[in-house]
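Below is one structure, written out as structure tokens; the observations come after it.
FYI, it's all coordinate maths here, none of it is from the lab. Since we're looking at a predicted model, the values are computed, not measured. Please note: Cβ atoms are built from the backbone with ideal geometry, for glycine as well, and neighbour counts cover all protein chains shown.
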Amino acid sequence: MIEVIEADFVVVGAGSAGCVMATRLSEDPATRVVLLEAGGQDDNRWIHIPLGFGKTFADPSVNWCYETEPDPGANGRRIFWPRGKVLGGSSSINGMVYIRGQHEDFDLWRQMGCKGWSATDVLPYFKRAEHQVRGPDDWHSTGGPLVVSDVPDKHEICEAFIRACNDLGYPSNPDFNGATQDGVGYHQTTTTNGKRCSTAKGYLHPVMDRPNLRVITGALAQRITFAGRRATGVDFTQDNLPFTVRVRREVILCGGAINSPQLLLLSGVGPQAQLAAHGIEVVQHSPGVGQAMQDHYSAPIKLKCRYPITVNDVMQSNLKKLRTGLEYYLLRRGPMAAISAQVALFARTRPELATPDIKMSISIFSADRPQDGLHKWSGFTIIVYQLRPESRGEIRLKSANPQDPPAMIPNYLATETDRRTITDGLMLGRRVLSTPHLQHYVAEEFLPGPAVVTDAQMLEHARNCGGTVFHPTSTCKMGIDTMAVVDPELLVIGIDGLRVVDASVMPTVVSGNTNAATIMIAEKAADLVRRRAPLAVAA
Ligand SMILES: Cc1cc2nc3c(=O)[nH]c(=O)nc-3n(C[C@H](O)[C@H](O)[C@H](O)COP(=O)(O)OP(=O)(O)OC[C@H]3O[C@@H](n4cnc5c(N)ncnc54)[C@H](O)[C@@H]3O)c2cc1C
């Protein structure tokens, strides 16, 4: 017999959004919340140490380790797509960069018909989430569960990068999440006292003992159950045993941009023809499910460094490793406390643009692929990506089996603007590197290397050596058009009692990293569910 669990809400996926939803909804002691997570507890120690990013990057015990379909934009290569499969989801394995996006991103969402999602509307929710170590101001707040910190150390190559950008006319920006994103400066990070602040750490763990909150790990949601067009619960398996959560109020999908559309499709909500092809009964023909995907495609410039001052050098020496370990455990500083990209430049590739269209960041290490370890020589890396790609990809079912990953079809570099922008961005990277500030450190550009000179060659390099910066979004996009999957209250159109709350609902990818905006979405969604007025949000 199948065990049935009763609740008011079931939240599927304990990731960036799911931990926020479960925490906020269970603040009301009269509300019973069940949180299902396919992965396990976040007790892998590398999750919590910033340098551990490289260790969890391809570790299947905490990571779905997805791969895309061969993508023509990347010259037919499959691109590795890590996603968190653990409490905290991708916020437990991400790069900890805290970037909200541009104000114009959210004003565009409002312009696209998403009432309540303008920059002014969403600012209180960014603030509600935040504990800003610099203290409160017009843009930031203190007292929230997500700790936002400054990088503990300033590396001389990062300082040189900033001076190089300044020399080229880019102003320093001490706060990419303040009045403007423009310019060059240090990232802030989602860390607290030198340790990762995932949403599991910031939101969930402090409330895990609430009697009205049940967190079930190792629980793979298989499908949503319906009575007519009303969502009634979720079937899941744990250790191959079947269970059902039956809800009095809502099913809330927080499975992320790959798994939320997959679960909708498996449950009969999606494009009719695709469902029919897999023998899935149609509950709601929703042509946009899995469509409209966006991601940030990046390409690198890799340098050999003249001096043994990079993280590569630390990894080559037992003595340096010992010193680094001690520095971290005693002071919470040094390379182990450093995020992978400490400084960045937000810039325009064309002067007529209203806001930056590329992000360039610098990492004080180099590797062929992060999962293969760092190079044996001193090295550092610049990466560039386009902030608002036009290309749209797709998530579609490969089979009706919930254990099988869906097909991920990124469709990178499919438009002329996207190809032009990454090429121009890389050429700008070379200009930054050519300044005396950085030439002081560059022994050799070994990728793409001096043989790559023309725009066409640089584009070819981007296709051959680029990859994701892990920001897939928009596969269940919010909107009011025929391809919208959820409405501006994040309710699945055509279904009662079912919401999607995660990165998949972004109408367009934000101009930057996606964790902060996903958490903001969940903070706002919790108010929508509770019908709490936006005015109740602390300023
Ligand atoms: C390697 C990496 C580096 C990144 N770096 C940064 C960065 O530095 N800064 C930044 O802002 N963003 C970064 N991102 C992106 C950011 O972390 C994500 O956009 C964000 O975490 C997405 O949140 P989400 O809630 O949509 O999904 P996730 O956080 O991925 O959560 C989804 C959760 O649902 C669970 N789940 C899925 N399917 C099921 C199912 N069927 N049953 C039960 N549970 C299920 C998953 O296991 C997971 O825990 C990075 C991402 C990755 C992967």
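What the table below lists for this structure:
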{"read-out": "Placed amide H near Thr349: partners under 5 Å, 5+ positions off or other chain", "value": "Asp357, Ile358"}
{"read-out": "For Gln291, distant residues with modelled amide H under 5 Å away", "value": "Ile395"}
{"read-out": "For Gly379, residues with placed amide H under 5 Å, excluding near neighbours", "value": "Cys305, Thr310, Asn312, Asp313, Ser366"}
{"read-out": "Tensor-based shape of the range 44-123 (alpha-carbon gyration tensor, a/c under 1.5 rounded, otherwise prolate or oblate)", "value": "oblate"}
{"read-out": "Summed side-chain charge close to Met315 - residues other than Met315 whose Cβ falls under 13 Å, Lys, Arg +1, Asp, Glu -1", "value": "+3"}
{"read-out": "Summed residue charge, Cβ within 10 Å of Thr349's Cβ, Lys/Arg positive, Asp/Glu negative", "value": "+1"}
{"read-out": "Packing-based exposure ordering (other Cβ within 10 Å, fewest first) of Trp64, Trp117, Trp377", "value": "Trp377, Trp64, Trp117"}
{"read-out": "Residues Tyr329, Tyr98 arranged by fewest to most Cβ contacts within 10 Å", "value": "Tyr329, Tyr98"}
{"read-out": "Net charge of Cβ neighbours under 12 Å - reference Cys305; Lys, Arg +1; Asp, Glu -1", "value": "-1"}
{"read-out": "Anisotropy class of the range 338-433 from Cα gyration tensor, a/c 1.5 cut", "value": "oblate"}
{"read-out": "Inter-probe distance in nm under a simple model that places probes 7 Å from Cα toward Cβ, at Gln111 and Arg369", "value": "3.9 nm"}
{"read-out": "Sorted peptide list for 279-285, 101-107, 229-235, 9-15, criterion being average Cβ within 10 angstrom, highest first", "value": "9-15, 101-107, 229-235, 279-285"}
{"read-out": "Selection from Val133, Thr189, Cys114, by position along the positive dipole direction of the range 99-190 (Cβ)", "value": "Cys114"}
{"read-out": "For a label point 7 Å along the Cα-to-beta-carbon line of Arg431, residues of the range 346-363 with backbone N under 15 Å", "value": "346-353, 356-360"}
{"read-out": "Efficiency of FRET between Arg230 and Thr142 - r from beta-carbon atoms, R0 51 angstrom, step 0.05", "value": "0.80"}
{"read-out": "Beta bridges per DSSP with both ends in the chain, % antiparallel, nearest 5", "value": "65 percent"}
{"read-out": "Set of lysines with alpha-carbon distance to Lys127 below 16 Å, sequence-local pairs under 8 removed", "value": "Lys524"}
{"read-out": "Likely footprinting exposure, Met96, Met336, fewest C-beta neighbours within 10 Å first", "value": "Met336, Met96"}
{"read-out": "Protection-proxy order for peptides 168-178, 337-347, 388-398, each taking the mean of Cβ atoms within 10 Å per residue, highest first", "value": "337-347, 388-398, 168-178"}
{"read-out": "Cα centroid separation, the range 441-475 to the range 368-404 (Å)", "value": "13 Å"}
{"read-out": "Global geometry of the range 1-138, whether rounded, prolate or oblate, following the gyration tensor of its Cα atoms and the 1.5 cut on a/c", "value": "rounded"}
{"read-out": "C-alpha center-to-center spacing [the range 1-79, the range 132-158] in angstrom", "value": "25 Å"}
{"read-out": "Peptide ranges 121-132, 155-166 listed from the most packed, as the mean C-beta count within 10 angstrom indicates", "value": "121-132, 155-166"}
